[in-house]
Amino acid sequence: MTPMNNSSDALVLGIDTGGTYTDGVLLEYHSRTVLAAHKSLTTKRDFAIGIEKVIEGIQIQDPSSIQMVSISTTLATNAIAEGKGKRVALFLIGYDPELVASFQMERHFATPNFYYFAGGHDLFGQEKEALDLTALLKKTNQVKNQVDAIAISSYFSPLNPEHETRAYNAISQVCDLPIVLGHQLSTKLGSVERATTAALNASLLSVLQDFIVAVRRAMEHRGIDAPLMVVRGDGTLMSDEFAARSPVETIHSGPAASAIGGRFLSHQDDALILDVGGTTTDLALIQGGNVSISETGASVSGYKTSVKAANLLSIGLGGDSHISVDRENNIVIGPERVVPLAYLAHQHPEIQTRLKALIQKTWPPPTPSWLEYWYLLRDPGDNLRAFSDREKTLIKILKAGPIAIPDLVKQVNALHKNQLGADELIRREIIGKAGLTPTDLLHIDGRHTPWDVKTAEYGLKLLSNHLHWEEPGLTEFIWTLSSELIAKAIVEFLTEKSVPPSSAHSPDLGLWFFRNSLYAEHPHLATQIHLQYPIIGIGAPADIMLQDVAKLLHTELILPDHYFVANAVGAIAGSVMVSEEILIYPHLSEAGMDVISYYVQARDGREEFEELDDALDHARKSGYDRVLSAALRSGADNPQVVVEEIADGIDSYRIHLQAVGNPRLSK
Amino acid sequence: MMELVRVDTQRAYAAIREKIATLELAPGAPVDEGKLARELDVGLVPVREAIKLLVHDHLIEAPSMGLFIAEVKIPELRQISEIRLLLECYCAQQAARFATPDDLVVLEALCREQSQVPPDEPRLLFELDHKFHQAIAQAAHNKYLADILDDFFGLSQRLWFLALPHLEFLPAAVEKHLELVAAIKAQDENHAEAIMRQHIQSFYDKVFETLQNLS
């Protein structure tokens with residue numbers, strides 16, 4: 001329950017929908033006081049369900065007093081990674097198909113439906129080829145019933161978007177699909193990145209719109225009537241209407257929010273943020289109070305975009321990472337996330353009995369696959385018509401209760417778990433997996449014991465017997481491995497180089513240096529790696545999994561208050577930001593020798609000035625008014641505009657304008 | 001204007017407008033906000049906001065008691081049709097003066113698409129026909145003219161829908177469209193205006209005849 005608030009309090013709600021958990025936090029904004037928090041499982045098939053559960057769990061006394069809701073989400077990143085975006089037709093104007101093919105760039109466009117058309121401009125903003133509008137409209141008619149959105153990218157469109165604009169005007173008259181234009185998303189000149197970004201944005205439009213509609217609905221159900229903000233990949237906030245138009249900017253918003261939250265709660269302006277979640281550990285850097293932004297555009301699932309996002313690294317290691325062995329009996333942690341055995345046994349006590357019986361069997365000793373359990377996560381109901389025969393069999397078996405993989409494989413008459421044909425059921429969250437995890441180890445040593453300790457103990461014993469490695473040594477090794485993997489990630493993240501995988505007789509000096517700095521193995525040479533910034537740990541497993549990491553890198557670990565929900569705090573702690581980049585470049589004469597005038601190309605329009613000074617003045621002034629107005633409309637309070645001018649060659653400039661302000665809270 | 005409207009309100013507006021246009025929400029029927037919110041799976045707030053916009057569009061009426069889908073009255077339709085005839089003919093004339101090569105590409109593409117639609121798809125033909133007229137309005141390069149015509153179309157759309165199943169001549173309209181595009185391309189204002197007049201007049205005559213027979 002929330003304490004009574006006085007009239008000068010500003011109550012805000014921050015929500016982070018992560019890969020595993022959805023966290024919500026109720027904050028009094030000015031005092032930075034966390035009043036309530038709640039964690040619930042993320043429901044990937046419909047994020048809004050988890051969100052509504054979290055809002056319900058926080059038990060807000062007076063929902064109408066909430067002045068802002070802000071969400072960070074992995075929705076965009078997940079949709080791209082899992083191919084759940086909508087179908088897009090990408091129209092490439094003025095691109096050279098042979099050039100694209102020679103660099104094998106086709107795979108990078110993020111859609112298989114891309115088409116080339118004559119047109120485009122050159123480095124001087126001049127038309128290099130006439131636009132083939134007829135072909136564009138012909139193709140539109142052919143594809144409009146097979147795709148959900150259209151993306152258009154024209155060569156050098158940031159300098160002169162005329163062909164994209166003409167294409168948009170024509171296409172929107174013959175078809176009602178949403179259309180995304182490359183030049184409105186990016187002013188960078190990377191033609192492939194811009195096309196990819198446009199295609200990804202188009203594929204995410206209705207995904208994000210559905211999400212916002214659902215969040216709004218959840219808010220209304222709970223009696224909350226407040227502005228809704230969405231976090232960008234650089235940690236800043238945008239209004240839900242901006243997010244609905246540029247969903248691609250929400251890529252990486254989850255980890256960015258964590259970094260911002262870590263800073264907000266710890267008051268540290270220079271630090272390395274490590275967010276340890278259930279599935280992944282995410283790294284970000286705070287310098288001078290701001291999240292470090294990546295110079296190159298954000299990358300998602302191998303697609304390079306031109307979206308500016310926080311510089312991050314994410315590794316598949318978290319509190320619920322699956323601890324297993326590989327073919328050579330080496331311990332492997334992650335990248336898959338499973339439900340801890342202790343938790344499953346807590347729900348299904350028979351598992352404890354079964355494991356106890358198993359470990360008493362000494363010959364042949366049971367393999368670690370007996371620790372992998374599958375269970376029915378969500379009952380699909382009685383209507384199973386949509387499922388294959390194999391899927392129906394699996395569901396039937398699991399309805400009777402959780403089952404260990406070797407038993408399941410036998411019952412289904414398969415030879416190996418890879419033949420079970422359950423991928424779709426797992427993806428749809430009908431089947432869940434359980435196994436040994438760091439959380440189970442915490443149950444055993446008593447540090448975190450909400451569920452069945454005995455089962456965790458039996459699980460470890462089984463693994464210990466299989467490896468002929470007594471439990472204390474085995475446990476210590478697992479924790480050491482976990483710390484080593486995280487320390488390695490830190491070093492790779494900050495150096496932007498990689499440490500080769502550990503191997504017994506590697507001649508690689510980098511690997512030796514790294515290991516020696518952690519374990520002081522060499523008799524004559526001592527090496528150390530000192531991390532010059534403190535580590536701010538956030539996420540529930542942070543305390544346990546990062547203490548040793550900080551020691552290995554000779555730095556301190558800071559766990560701010562409420563560190564376990566810092567990601568949700570970060571969703572509200574960001575600033576509202578709107579930015580625009582205006583390009584100024586010369587209009588050259590036919591021979592290319594004289595400057596006739598200067599073009600000022602902004603996102604929505606272009607003007608021409610005879611004198612460079614007039615062009616610069618105009619760009620500054622009109623850009624200033626535009627970003628200020630947009631920031632106000634986005635919900636910024638008294639936004640301040642920062643202008644940066646970058647010379648970009650002879651007589652060319654990039655005017656970067658940014659309006660930033662705290663979210664406006666008032667009722 | 002739609003950019004200023006919340007995402008869920010936009011959804012509700014588009015969905016409810018479609019239901020009104022296709023007569024799923026019948027003329028004169030009372031409006032049940034709660035039911036709409038449930039069907040569209042949005043909150044009540046966006047439905048209410050959408051209704052406000054639809055009242056502004058004259059598609060929903062709010063007399064002193066309750067909310068109703070606007071009635072479709074034939075006498076009013078005559079008035080709207082007279083204005084449309086006037087404006088569409090002016091439109092065709094202006095298009096002949098101001099149409100750019102890009103405009104012509106769009107018009108030709110629409111004609112091509114129309115000729116490929118099978119005659120047993122009246123709804124599709126009707127929508128293409130509307131797009132064609134909108135494209136002519138764009139080609140006239142007068143945004144106020146285009147806006148007014150859009151408003152009028154919204155008001156009369158449902159009546160066309162009522163008459164549609166009984167109309168058999170829409171496919172023939174394609175030829176008229178081709179003639180019109182040719183006149184515009186040739187920048188022949190008078191000819192363009194005349195074709196449009198004849199095209200629309202005969203359309204309205206047939207529709208009114210059909211509606212009289214229906215009632």
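The values are calculated or read from the model by the stated rules, or taken from the named source; none is laboratory data. This is a predicted model, so every value here is computed, not measured. With ideal geometry, Cβ positions are generated from the backbone for all residues, glycine too; neighbour counts draw on all protein chains shown.
For the reader, a short list of remarks on this structure follows.
- Selection within the range B:1-33 - buried (at least 16 other Cβ atoms within 10 Å of the Cβ), assigned to a helix (DSSP H, G or I) and facing chain A (nearest Cβ under 10 Å): B:Val7, B:Asp8, B:Thr9, B:Gln10, B:Arg11, B:Ala12
Results for (1) at the interface with chain B (Cβ under 10 Å from one of its Cβ atoms); (2) more than 18 Å from the chain's Cα centre (by Cα); (3) touching a residue at least 12 places away in the same chain (Cβ under 8 Å), shown as yes or no for each residue.
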position	(1), (2), (3)
A:Gly182	no, yes, yes
A:Thr187	no, yes, yes
A:Gly190	no, yes, yes
A:Glu193	no, yes, yes
A:Leu204	no, no, yes
A:Val213	yes, yes, no
A:Ala218	yes, yes, yes
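- Close pairs from the range B:188-207: first touching a residue at least 24 places away in the same chain (Cβ under 8 Å) and over 13 Å from B:Glu82 (Cα atoms), partner buried (at least 19 other Cβ atoms within 10 Å of the Cβ) and β-branched (Val, Ile, Thr), Cβ under 7 Å, at least 6 apart: B:Ala192/B:Ile184
- Identity of the residue in the range A:182-204, of a type in the set (A, V, I, L, M, F, W, C) and crowded, with 24+ Cβ neighbours inside 10 Å, that ends up nearest to A:Ala79 (Cα to Cα): A:Leu204
- Selection from the range B:79-114 of residues that are surrounded by 20 or more Cβ atoms within 10 Å (Cβ to Cβ) and out of contact with any helix residue (DSSP H, G or I) (no Cβ under 7 Å at 6 or more places or on another chain): B:Gln94
- Any chance A:Gly574 is surrounded by 19 or more Cβ atoms within 10 Å (Cβ to Cβ) and at positive phi: no
- Count of the range A:522-549 residues which are over 23 Å from the mean Cα position of the chain (by Cα) and surrounded by 20 or more Cβ atoms within 10 Å (Cβ to Cβ): 2
- Residue count for the range B:122-150 under the criterion of being away from chain A (no Cβ under 13 Å) and out of contact with any helix residue (DSSP H, G or I) (no Cβ under 8 Å at 6 or more places or on another chain): the result is 2.
- Scanning the range A:395-453 for residues that are outside any loop (DSSP other than H, G, I, E, B) and exposed (fewer than 14 other Cβ atoms within 10 Å of the Cβ) gives A:Lys396, A:Lys399, A:Lys410, A:Gln411, A:Asn418, A:Gln419, A:Asp423, A:Glu424, A:Arg427.
- Filtering the range A:129-152 to residues that are surrounded by 15 or more Cβ atoms within 10 Å (Cβ to Cβ) and assigned to a loop (DSSP other than H, G, I, E, B) leaves A:Glu129, A:Leu131, A:Asp132, A:Lys144, A:Val147, A:Asp148.
- Residue match in the range B:39-50 (condition: farther than 16 Å from B:Glu71 by Cβ, in contact with a Phe, Trp or Tyr (Cβ under 6 Å, 6 or more places away or on another chain), part of a helix (DSSP H, G or I) and not acidic (Asp, Glu)): yes
- The residue of the range A:577-600 that is surrounded by the most Cβ atoms within 10 Å (Cβ to Cβ), among those that are farther than 30 Å from A:Arg664 by Cα and among the aliphatic types (A, V, I, L, M), is A:Val600.
- Candidates B:Leu53, B:Leu36, filtered to the one that is within 14 Å of chain A (Cβ to nearest Cβ), buried (at least 19 other Cβ atoms within 10 Å of the Cβ) and closer than 24 Å to B:Phe153 by Cβ: B:Leu36
- Residue check for B:Gln114: touching a residue at least 24 places away in the same chain (Cβ under 8 Å) and either within 13 Å of chain A (Cβ to nearest Cβ) or basic (Lys, Arg) (or both): yes
- Filtering the range A:326-335 for residues that are among the small types (Gly, Ala, Ser) and not in a helix (DSSP H, G or I) leaves a non-empty set.
- Where a residue in the range A:364-392 is assigned by TED's automatic domain parsing to the domain that holds A:Leu463 and surrounded by 13 or more Cβ atoms within 10 Å (Cβ to Cβ) and its partner, wherever it lies, is acidic (Asp, Glu) and assigned to a loop (DSSP other than H, G, I, E, B), with Cβ under 9 Å and at least six apart: A:Leu377/A:Glu429; A:Arg378/A:Glu429
- Within the range A:147-180, considering residues that are within 30 Å of B:His133 (Cα to Cα) and polar (S, T, N, Q), the one farthest from the chain's Cα centre (by Cα): A:Gln173
Listed here are the residues, each with its yes/no results for (1) more than 25 Å from A:Ala636 (Cα to Cα); (2) in contact (Cβ under 8 Å) with a residue 40 or more places away in the chain; (3) away from chain B (no Cβ under 14 Å); (4) out of contact with any Phe, Trp or Tyr (no Cβ under 7 Å at 6 or more places or on another chain).
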site	(1), (2), (3), (4)
A:Gly235	no, yes, yes, yes
A:Ala244	no, no, no, yes
A:Ala259	no, yes, yes, yes
A:Ser266	no, yes, yes, yes
A:Asp275	yes, yes, yes, yes
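- Any chance A:Ser172 is within 14 Å of chain B (Cβ to nearest Cβ) and at pLDDT 95 or above: yes
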